[in-house]
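*Asks:* Quick one: this structure, given as structure tokens, is what I'll be asking you about.
The values are calculated or read from the model by the stated rules, or taken from the named source; none is laboratory data. Since the structure is predicted, the reported quantities are computational estimates derived from the model, not experimental observations. Note that each Cβ is placed from the backbone with ideal geometry, even for glycine, and that neighbours are counted across all protein chains shown. These accessible areas exclude ligands, DNA and RNA; they are computed on the full protein's heavy atoms, side chains included. Shrake-Rupley method; radii C 1.70, N 1.55, O 1.52, S 1.80 Å.
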Amino acid sequence: MAEPTALSVLDSRSAGPAVSLRGVTKLYDSGVMALGPLDLDVGKGEFVSLLGPSGCGKSSALRLIAGLSAPTSGTVRVSNRAGQARPGHSIGFVFQEPTLMPWASVRDNVRLPLKLAHAPAAEANARVGEALTQVGLAEFADALPRELSGGMKMRVSLARALVTDPDILLMDEPFAALDEITRFRLNNDLLSLWRNLRKTVIFVTHSVFESVYLSQRVIVMTSRPGRIGAEFRIDAAEPRGEDFRTSAGYAGYCRMVSNALAPLHPGQPGS
């Protein structure tokens, strides 16, 4: 087995993808082989979904890209904005649970990454205000988490990820626990943000329908150890909206992705 490798950082001005994984494996101390070997490139400004049921290594892949975990073997390369000292500055992470500080206001929850980075107060205030405006929560800056709905809490989590102006946004099933109406609304808002900000987005989901609606490319992962089992490019006109969600083209893409998912995960639902 190859020696573990540290996450490699590239200047974003250089040619090449925003994220590149080559021969990546992940073996946990428990003996579970979660990933690999996995080869994946994600282009700068691309929206890619990793699709599959729980346990197929989707979240493990995100943690490796974020630098929260090291690969057992292989290389993980992440493009980095010139002048940044470490890869974490170029990556924003939105987890499945909002993980907000219950005693702190929305404003202070969003400010946390800047506080940890010792950003000047004036700069932090401006960036927090901008992030809250981007997610539609400017009027709730002084609210506490207990006063917010589930969808609003997830918006706070998204604003906290955006406040550092990352090049890459990693999202780990952020809308899985929300009701369908709220989920549809947040899907639309996320696409609008992506179009406006042009971030590279890697989105983990177990929903065929969500992956097709959001993504330029859907990666279907195999059962553990996770590898790429199938890949689909979703060529749909932008901006996407309800016309696409109710179109025959959308239904056709969902059918193709579901058909590819089924033999890779026998007995598992696609969404």
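*Asks:* Relative to the present Cα-Cα distance, how much length would full extension add between K44 and L112 at 0.36 nm per residue of separation?
*Replies:* 21.8 nm
*Asks:* Same structure again: What accessible area per residue comes out for the chain, rounded to a whole number of Å², with a 1.4 Å probe?
*Replies:* Working: 12310 Å² over 271 residues.
Dividing the accessible area of the chain by its residue count gives 45 Å².
*Asks:* Summarise the accessible area of the chain (1.4 Å probe, protein heavy atoms) by the percent that is carbon and sulfur.
*Replies:* Its accessible area is 54 percent carbon and sulfur atoms.
*Asks:* Largest first and in whole Å, give the semi-axes of the chain's equivalent ellipsoid, each being the square root of 5 times a Cα gyration tensor eigenvalue.
*Replies:* 28, 24, 17
*Asks:* Further question: Any chance you could check the Cα centroid distance between region 130-152 and region 189-219 for me, in angstrom?
*Replies:* 22 Å
*Asks:* While we're on this one: Along the charge dipole of region 115-221, Cβ charges K/R +1 and D/E -1, which of G151, P174, L197 sits furthest on the positive end?
*Replies:* L197
*Asks:* About its Cα centre, what dipole magnitude does the chain give when the only charges are +1 on Lys and Arg Cβ and -1 on Asp and Glu Cβ, stated in debye to the nearest 20? Provide the component values of the computation, followed by the final result.
*Replies:* Numbers: 29 positive and 26 negative charges, 76 e Å.
I would put it at about 360 debye.
*Asks:* Before rounding to the nearest 500, sum -39500 (n - 2.57) across all DSSP H runs of length at least 4 in the chain and divide by the residue total; then give [θ] at 222 nm in deg cm²/dmol. Let's see the in-between values first.
*Replies:* Values: 8 runs with 93 residues, N = 271.
After summing the helix terms and dividing by the residues of the chain, the value is -10500 deg cm²/dmol.
*Asks:* Could you order peptides 17-27, 212-222, 178-188, 36-46 by the average number of other Cβ atoms within 10 Å of their residues, highest first?
*Replies:* 212-222, 17-27, 36-46, 178-188
*Asks:* Right, another one. Of H206, H118, which has the most accessible area with a 1.4 Å probe, and how do the rest follow in descending order? The partial results should precede the final answer.
*Replies:* Working: H206 60, H118 155 Å².
Heavy-atom accessible area, descending, gives H118, H206.
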